[in-house]
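In what follows, a single structure is set out as structure tokens and then discussed.
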Amino acid sequence: MGDYVVVLETPIIVRDVETREDAINVAVSKVTKALNKENLDFVRVEIGYSQCPVCGAHFESAFVIGSVGLVGMYLTLKVFNAQSVEHAERIAKAVVGKALKRVPLKVYEIRELGEDGGEGVEVTKGP
């Protein structure tokens with residue numbers, strides 16, 4: 001049995017926004033509200049980052065076209081007593097998925113926790 005930190009990546013669509021900042025604020029509020037409704041306040045919510053294909057600079061993954069925004073987010077949680085990395089992934093997706101129905105969840109990163117409870121070795125990482 002192992003303990004893991006699982007980081008899930010998810011796209012959140014928001015409507016009636018004018019700026020990237022508005023899209024980010026609405027998306028964070030929407031996700032936090034859904035997680036809190038299911039008593040999942042232990043899931044850390046962060047804005048995702050994208051890399052410019054031309055210059056390589058990183059920027060917040062928030063885009064607005066018209067009045068519709070797409071915000072990339074990272075959801076981080078600890079999974080305890082998982083039988084394997086794959087089991088930790090399934091647990092994390094099931095826990096978060098019950099709050100964010102019909103929202104795609106992709107594993108971005110999984111790290112095994114060290115024996116002292118601190119973050120330990122990196123097990124797998126997405127692109």
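Summary table
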quantity	calculated
Length-normalised contact order for region 2-112 - Cα pairs under 8 Å, 6+ apart - percent	46 percent
Likely footprinting exposure, R15, R44, R90, fewest C-beta neighbours within 10 Å first	R15, R44, R90
Of N81, F59, I12, farthest towards positive along the dipole that unit charges on Lys, Arg, Asp, Glu beta carbons give the chain	I12
Lys, Arg +1 and Asp, Glu -1 on Cβ, resulting dipole of region 2-112 about Cα centre, debye, nearest 20	420 debye
Local electrostatic count at K101 - Lys and Arg +1, Asp and Glu -1, tallied over other residues with Cβ under 13 Å	+4
Helix axis angle, 85-97 relative to the chain longest principal axis, alpha carbon, degrees	40 degrees
The chain, Cα convex hull volume normalised per residue, Å³	115 Å³
K101 paired with F63, simple spin-label distance in nm, labels 7 Å along Cα-to-beta-carbon	2.8 nm
Cα gyration tensor shape of region 1-70, rounded if a/c is under 1.5, else prolate or oblate by comparing a/b with b/c	oblate
Taking T10, T76, T19 and counting other C-beta atoms within 10 Å, the order from fewest to most	T19, T76, T10
Sorted by Cβ density within 10 Å, fewest first, the residues L75, L113	L113, L75
Value of [θ]222 nm, deg cm²/dmol, for the chain, DSSP H segments ≥ 4, -39500 (n - 2.57) each, nearest 500	-8000 deg cm²/dmol
Distance in nm between pseudo-label sites at A94 and R44 (7 Å out along the Cβ direction from Cα)	2.5 nm
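The numbers here are math on the coordinates, done by the rules we state, and not lab data. Keep in mind the model is a prediction, meaning the values are calculated, not measured. Here the Cβ is made from the backbone with ideal geometry for all residues, glycine too, and neighbour counts use every protein chain on show.
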